[in-house]
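Since every read-out is calculated from the coordinates, none of them should be taken as a lab result. On a predicted model such as this, the values are computed, not experimentally measured, just so you know. Cβ atoms come from the backbone with ideal geometry, glycine included; neighbour counts cover every protein chain shown.
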2 protein chains.
Amino acid sequence: MNDQYAAMWEKLNLDLEAHDALLEVLGKFYNDIYLSQEKRLRGMEYLDFVLAEIHGLRIKELKEAKENGQKIIGTFCIFVPEELTLAANAIQVGLCAGAEAGKEKAEKLIPRNTCALIKSFIGFKLARLCPFTESCDLIIGETTCDGKKKAYEVFSQYVPMYIMEVPQQKYLSDRELWKNEVLKYKNKLEHITKNKITPDKLKKAIKIVNEKRKALQRLNKLRKAIPTPISGRDVLLINQISFYDDPLRFTKKINELCNELEEKIKKQEGIVSQDTPRILLSGCPMAVPNWKLPYIIESSGAIIVGEESCIGTRNTRDLVDESAETLDEMIDAIVDRYLKIDCACFTPNLERIEHIISLAKELKIDGVIHYNLLFCQPYAHESIKIENILREKNIPILSIETDYSMEDVEQLKTRVEAFIEMITP
Amino acid sequence: MNDQYAAMWEKLNLDLEAHDALLEVLGKFYNDIYLSQEKRLRGMEYLDFVLAEIHGLRIKELKEAKENGQKIIGTFCIFVPEELTLAANAIQVGLCAGAEAGKEKAEKLIPRNTCALIKSFIGFKLARLCPFTESCDLIIGETTCDGKKKAYEVFSQYVPMYIMEVPQQKYLSDRELWKNEVLKYKNKLEHITKNKITPDKLKKAIKIVNEKRKALQRLNKLRKAIPTPISGRDVLLINQISFYDDPLRFTKKINELCNELEEKIKKQEGIVSQDTPRILLSGCPMAVPNWKLPYIIESSGAIIVGEESCIGTRNTRDLVDESAETLDEMIDAIVDRYLKIDCACFTPNLERIEHIISLAKELKIDGVIHYNLLFCQPYAHESIKIENILREKNIPILSIETDYSMEDVEQLKTRVEAFIEMITP
């Protein structure tokens, strides 16, 4: 594969040798964590292929799209409205932020006490390892946390950046600020793509993104079955790929997978036995290929049936109201939908704990594992609150704080195994 | 002293024993760091008295004010407009946040990876050690950093809280949001004090706070003299006291001190010799009694001639325009003045580095020491940027990251001494 794309990667100014090494590690990692799973679903072939070709075929598609005049918009956050990006005939992709890369270089530009995700996207750029970052015409940052907000100041010296300000509360004046940000983003897109966002185009784009969310909602509902028909690792991968792949293709493939899952459920064919402890994973986003904790959990005798996370239900729970007809109504619908996001960046963010409790009931979970990226302050604060509230409600919870290194794997295993033993029915 | 006020402290529900121990440590600390200084200024007697009576006489004044129907408003941030507080006939005071107190208790409610200042105000409350916090009718939080924003959620379970949202950029829509926040604060004040804020009252209050800032501006200008007439420790203390004492009394006393300094300057009487290396201290706020680093610097043969900090020039640089006549004009003047604050919470916050460079020139400094509270992300990010820019400009800089513990004092001394040796002319 590497030879096939070497010229393309070279043109993107990647560090070819280091990139080859990265892909090799990623491949081995994927093999161990994904391909080794028993009773693999047919529908996962698509995801295996996408993942295998994530730096290959997908980048080639982006390249061809660029040659056809389309613009590539990179993001790190679910606050960037993909509806607008698509309506401007641009392509929105998530950027590499899930593995240790260029860490030493990154730590010269941002504090060591920064979360691994932020260090990673800076490091990927400095080490020239992310073909998505290198393909972007514009990268959208947001002010969701101090770490990202300030890191984007440095990042903007290396990539073309645009910042969206996400408010910190949800009052009327916050909505006004956010609406203004959404409109500014629309203008920015129109300016760089030279495409006018019309009501027609936006209506279509809203539908496309809603359909993607609906497919993921359908998938999440199917996981309620006991025994559950799909591993948490696979669903995490699906959520991760949802940020990279073409939305129409992705939606079609996920719906096909859901058909397969429905058949399995009818036959009561689970991915694990009926009495396997069911875990709700909650907390910080897990960007590709950050599969460390899910792998530990699922190889310790439990199964993950929900991800309360940006790369999970936080991104798919709410749809944009499709009844809007005028452009302004559509913008309002987008503004309102995105302000429903229960990110820890908001204060007081009471919705999130309600969502966790209702997910816990719906998915009939045996315990919650809260995942915090070391030095992520907003989620670290909420993890203490959530722990206290869930304990009061007699919902078992384990709080994990970690980063992308493999040094703590054995220690995490011990803690996770003890927790799973405790909650095993 | 303790006996005299014991009944008052008991009524405030302080932990008397622990509070006595705290005052004893504080007294010793003050003696070592302040009273031991040579060539002490007459004008510092006022500050020695205020500091000695900070939990005594000043709290008694607040108590009497409360008995006369005045409300006490506590703050942790220079974004809370004291003009409005005074115009509502309320008293604004800073709250204890500068020493380790109740740390273990605090770490059960907020993450360990939280800066010492935040841990301190939570700890002071949980350990019942801050008579200011206990005297407050309302405490105003703000959304300036993730740490405080999320810690206030917990803090609000223990004290009456109100949150002001500080925007993260400085565009028109940010100003609108901030103006709305200022107006909401005005309404809140009118509601709890039952006093209407009239143009007359606000005009007077604007003048009072401006006069306080002017006195501090005057003080800072006098420090330009070579040799400088006052120690940095003393000016830090003055800045700290500016958050606690009655503004009219404070302004009068600081102006008297400035008169004394002018005499000294005329006679070329410095607090140190002419060739003492001059330091600009820049970075995180130093709340009472956080004198660790200034003491290390000034006992290592250098003198601090400027504090680029919230408890320093950031709070005093800008005045509110006094030409406004209507209430709305005055509100606008307040809104604009506070949006000039160059806090690291803003992105990109380019003003701050400009201010540092111009301060460095004005004060004829030999080097900058940047002070970062461990885990304060916004200032940690800026410290790297500032270091790079100052190095390009050949302005020596030393970056220090520390907290309130005394464990690193020897290590800090070694680093500071080496830096001072390097920059000694």
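Please arrange B:ILE163, A:ILE423, B:ILE356 by counting, for each residue, the other beta carbons lying within 10 Å of its beta carbon, fewest first. Write down the numbers at each step before the final one.
Working: B:ILE163 21, A:ILE423 18, B:ILE356 26.
Ascending number of Cβ neighbours within 10 Å: A:ILE423, B:ILE163, B:ILE356.
Output the DSSP H helices from chain A with an along-axis C-alpha extent of no less than 27 Å and a mean Kyte-Doolittle hydropathy no less than -1.0.
Values: long enough: A:172-193 (31 Å, -1.10); A:199-222 (34 Å, -0.98); A:247-266 (28 Å, -0.89).
Result, helices passing both filters: A:199-222, A:247-266.
Pick out, from B:PHE250, A:ASN372, A:GLN240, the residue whose Cα sits farthest towards the positive end of the charge dipole of the protein assembly as shown, with +1 on the Cβ of Lys and Arg and -1 on the Cβ of Asp and Glu.
B:PHE250
According to the square roots a ≥ b ≥ c of the eigenvalues of the Cα gyration tensor, what is the shape class of segment A:110-195, taking rounded for a/c under 1.5, prolate for a/b larger than b/c otherwise, and oblate for the remainder?
Working: a/c = 3.22, a/b = 1.29, b/c = 2.50.
Oblate is the answer for segment A:110-195, as a/c is 1.5 or above yet b/c matches or exceeds a/b.
Please average, across the residues of A:149-157, the number of beta carbons from any other chain that are within 10 Å of each residue's own beta carbon, and give a whole number.
Values: counts 13, 14, 3, 3, 7, 4, 0, 2, 0.
For peptide A:149-157, the averaged partner shielding equals 5.
State which entries of B:LYS119/B:LYS196; A:LYS149/B:LYS148; A:LYS340/B:LYS125; B:LYS224/B:LYS267; A:LYS186/B:LYS149 exceed 24 angstrom in Cα-Cα distance in the structure shown. Before the final figure, lay out the partial values.
Values: B:LYS119/B:LYS196 36 Å; A:LYS149/B:LYS148 16 Å; A:LYS340/B:LYS125 33 Å; B:LYS224/B:LYS267 15 Å; A:LYS186/B:LYS149 30 Å.
Violating the 24 Å Cα-Cα cut-off are B:LYS119/B:LYS196; A:LYS340/B:LYS125; A:LYS186/B:LYS149.
Determine the shielding of peptide B:376-388 by partner chains: average, over its residues, the number of Cβ atoms on other chains within 10 angstrom of each Cβ. Walk me through the intermediate numbers first.
On the way: counts 3, 15, 4, 3, 8, 12, 3, 1, 7, 5, 0, 0, 3.
The mean count of partner-chain Cβ atoms within 10 Å per residue comes to 5.
Please work out the ratio of the alpha-carbon Rg of segment A:269-353 to 2.2 N^0.38 Å and round it to two decimals. Working shown, then result.
Values: Rg = 17.1 Å, N = 85, 2.2 N^0.38 = 11.9 Å.
Against the compact-globule rule of thumb, the ratio is 1.44.
Taking neighbour Cβ counts within 10 Å as the exposure measure, how do A:GLU153, A:GLU269 sort from fewest upward? Don't skip to the end; give the middle numbers.
On the way: A:GLU153 20, A:GLU269 13.
Ranked by crowding around the Cβ, least crowded first: A:GLU269, A:GLU153.
Counting only other chains, and only Cβ atoms inside 10 Å, what mean value do you get across the residues of B:173-181? Intermediate values should be presented prior to the final figure.
Working: counts 11, 4, 0, 4, 11, 2, 1, 6, 3.
Partner-chain Cβ atoms within 10 Å, mean over residues of B:173-181: 5.
Considering Cα pairs under 8 angstrom that are at least six residues apart, work out the relative contact order of segment B:5-196 and quote it in whole percent. Can you show the working numbers first?
On the way: 226 pairs, mean separation 40.4, N = 192.
With pairs under 8 Å counted, the relative contact order is 21 percent.
FRET efficiency for B:GLU64 and B:GLU17, Cβ-Cβ distance as r, R0 = 22 Å, nearest 0.05?
Working: r = 26 Å, r/R0 = 1.18.
E(calc), rounded to 0.05, equals 0.25.
If I model a spin label at B:SER299 and B:THR326 as a point 7 Å from the Cα along the Cα→Cβ vector, what separation in nanometres do I get?
5.8
Find out how many positive minus negative residues lie around A:GLY102, taking Lys and Arg as positive, Asp and Glu as negative, among other residues whose Cβ is under 13 Å from that of A:GLY102.
Numbers: positive: A:LYS103, A:LYS105, A:LYS108, A:LYS119, A:LYS125, A:ARG128; negative: A:ASP15, A:GLU100, A:GLU104, A:GLU107.
Spelling it out: positives minus negatives among the neighbours equals +2.
Find how much the distance from B:VAL25 to B:LYS252 grows on full extension, using 0.36 nm per residue of separation minus their present alpha carbon separation; answer in nm with one decimal.
Working it through step by step, the gained length comes to 78.7 nm.
For segment B:262-368, what does the relative contact order come out to in percent, with C-alpha contacts under 8 Å and a separation of six or more? Let's see the in-between values first.
Numbers: 100 pairs, mean separation 33.7, N = 107.
Reported relative contact order: 31 percent.
Below 8 Å, C-alpha to C-alpha, sequence gap of six or more: please give me the relative contact order for chain A in percent. The partial results should precede the final answer.
Numbers: 654 pairs, mean separation 73.4, N = 425.
Reported as a whole number, the value is 17 percent.
With +1 on the Cβ of every Lys and Arg and -1 on the Cβ of every Asp and Glu, and nothing else charged, how large is the dipole of segment B:24-180 about its Cα centre, in debye rounded to the nearest 20? Please list the in-between numbers first.
Working: 22 positive and 22 negative charges, 62 e Å.
For this selection, approximately 300 debye.
Looking at B:ILE140, B:ASN290, B:ALA106, which one has the Cα that reaches farthest to the positive end of the dipole of chain B (charges on Cβ: Lys, Arg +1; Asp, Glu -1)?
The Cα lying farthest towards the positive end belongs to B:ILE140.
Which distances, shortest first and in nm, link B:TYR171 to the matching position in the other copies, using label points set 7 Å out along Cα to C-beta?
From this label point to the equivalent ones elsewhere in the assembly: 2.1 nm.
Holding the Cα-Cα limit at 19 Å, pick out from A:LYS214/A:LYS253; A:LYS361/B:LYS150; B:LYS292/B:LYS393; B:LYS201/B:LYS221 the pairs that are longer than that.
Numbers: A:LYS214/A:LYS253 13 Å; A:LYS361/B:LYS150 27 Å; B:LYS292/B:LYS393 28 Å; B:LYS201/B:LYS221 30 Å.
Violating the 19 Å Cα-Cα cut-off are A:LYS361/B:LYS150; B:LYS292/B:LYS393; B:LYS201/B:LYS221.
What does the charge count near A:LYS125 come to, summing +1 for each Lys or Arg and -1 for each Asp or Glu among other residues with Cβ under 10 Å from its Cβ?
Values: positive: A:LYS105, A:ARG128; negative: A:GLU134.
After counting each charged neighbour, the total is +1.
With Cβ to Cβ distances under 10 Å as the rule, what net charge do the other residues near A:THR424 carry (K, R +1; D, E -1)?
Details: positive: none; negative: A:ASP275, A:ASP366, A:GLU421.
Net local charge, A:THR424 excluded: -3.
As a check on your grasp of the helix formula, calculate [θ] at 222 nm for chain A: sum -39500 (n - 2.57) over DSSP H runs of n ≥ 4, divide by the residue count, round to the nearest 500.
Numbers: 19 runs with 228 residues, N = 425.
Computed ellipticity for chain A at 222 nm equals -16500 deg cm²/dmol.
Under 19 Å between alpha carbons, and skipping anything fewer than 8 positions from A:LYS264 in its own chain: which aspartates and glutamates qualify?
Within the straight-line cut-off, A:LYS264 pairs with A:GLU38, A:GLU45, A:ASP234, A:GLU256, A:ASP275.
Placing one identical point scatterer on every Cα of chain A and ignoring solvent, what is log10 I(q)/I(0) from the Debye formula at q = 0.08, 0.09, 0.10 Å⁻¹?
Taken in order of the listed q values, log10 I(q)/I(0) reads -0.42, -0.53, -0.67.
With only Lys, Arg, Asp and Glu charged, each at its Cβ (+1 for the first two, -1 for the last two), find how big the charge dipole of the protein assembly as shown is about the Cα centre; round to the nearest 20 debye.
Numbers: 120 positive and 132 negative charges, 248 e Å.
Approximately 1180 debye in magnitude.
Can you list, shortest first and in nm, the gaps between the label point of B:ASN31 and those of its counterparts in the other copies, using a point 7 Å from Cα in the C-beta direction?
7.2
For B:GLN157, which inter-copy label distances result when the label point lies 7 Å beyond Cα on the Cα-to-Cβ vector, reported in nm to one decimal and in ascending order?
4.2
Averaged across orientations, what area in nm² does the convex hull of the alpha carbons in the protein assembly as shown project?
On the way: hull surface 147.2 nm².
Its average projected convex-hull area is 36.8 nm².
Could you tell me what fraction of 2.2 N^0.38 Å the Cα radius of gyration of segment B:5-196 comes to, as a two-decimal ratio? Could the numbers behind the result be given before it?
Numbers: Rg = 17.9 Å, N = 192, 2.2 N^0.38 = 16.2 Å.
Segment B:5-196 yields a ratio of 1.10.
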